[in-house]
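The next block holds one structure in the form of C-alpha cells; read it before the comments.
All of the numbers you see were taken from the coordinates with simple rules; none came from a lab. Just so it is clear, the model here is predicted, and its values are computed rather than measured. All Cβ positions, glycine included, derive from the backbone under ideal geometry; neighbour counts span all protein chains shown.
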Amino acid sequence: MRGKPAIKRKIQANSKYDDVDIAKFINYIMRAGKKTIAQKIVYRCFDIIKETINQDPRHVFNKALKQVGPLLEIRSRRVGGANYQIPHQVRGERRMALACHWIIGAARAKKGKPMAEKLAMEIMDASKGEGAAIKKRIDVHKMAEANKAFAHFAR
C-alpha cells in the first residue's frame, strides 16, 4: 500500500429521521452529486413502506440491512502461482456497505416502476428474508462455505 490510508469522515445524521445509517444510504443512492433527488427517493420509499405495512420504516430498514449484510465473503489471494478464493469475516462497516449496495442494485435491476417504489419493495422483501438482495447474500455465503478448505491461507 502506497501513501497514507484515507481519513474516515464523520457523516452527519439524517435531518428527518436523525439516523446516520439512513444518511449513508442516501449517499449510496445519490448519483452525480444530486443529493436532494436521492433524499426524495428515500423519503418517498419510507412513506410507501409506512403506508403498505403500517410499521416504522426505520425498523423495517434496519431489519433489512441486518438480514442482507453478509457474515463471510471471499477474497482472492495468490499463493505459489495459483489464485485461491479465501473466506474472510466481514467487518461491520463493510457489512453495511455491501447490504446497501445489494439492496440498491436489486432495486435498480427491476424495471417499470419509479425508483422509490422499487426500493420500498426490495427493503420490505429483505426485511422478510426474501428478494434479490437476500439471494445475493446466500450466494456469497455458499461460495465462502465451498472455499472453506482454503481458510488456512488467510493471514
**Asked** Helix 92-109 sits at what angle to the longest principal axis of the chain, using alpha carbons and giving 0 to 90 degrees rounded to 10?
**Response** 60 degrees
**Asked** Amide H to amide H under 5 Å from residue 16: which residues, 5+ apart in sequence or cross-chain, H placed 1.01 Å off N in plane?
**Response** none
**Request:** For the stretch 17-30, take each phi angle, set θ = phi - 60°, evaluate the Karplus expression 6.51 cos²θ - 1.76 cosθ + 1.60, and give the result in whole Hz per residue in order, putting x for glycine and proline.
**Result:** 9, 6, 9, 5, 4, 5, 4, 5, 4, 4, 5, 5, 6, 4
**Message:** Give me the three principal axis extents of the stretch 22-88 from the C-alpha atoms, as integers in angstrom, largest value leading.
**Reply:** 56, 30, 15
**Request:** Calculate the length of the line joining the C-alpha centroid of the stretch 128-155 to that of the stretch 77-110, in whole Å.
**Result:** 9 Å
**Asked** Whole-Hz Karplus ³J(HN,Hα) for the stretch 41-48, in order, using 6.51 cos²θ - 1.76 cosθ + 1.60 and θ = phi - 60°, x for Gly and Pro?
**Response** 4, 5, 5, 5, 4, 5, 5, 4
**Message:** Please list, in order along the stretch 129-146, the HN-Hα scalar couplings obtained from phi with the Karplus expression 6.51 cos²θ - 1.76 cosθ + 1.60 (θ = phi - 60°), rounded to whole Hz, x for Gly and Pro.
**Reply:** x, 10, x, 5, 5, 5, 4, 4, 4, 4, 4, 5, 5, 4, 5, 5, 5, 5
**Within the stretch 1-18: backbone nitrogen closer than 17 Å to the residue 153 label point (7 Å, Cα to C-beta)** = none
**Request:** Could you work out, for the chain, what percent of all Cα-Cα pairs fall into each 10 Å distance bin, beginning at 0 Å and stopping at the bin that holds the largest distance?
**Result:** 10, 34, 30, 18, 7, 0
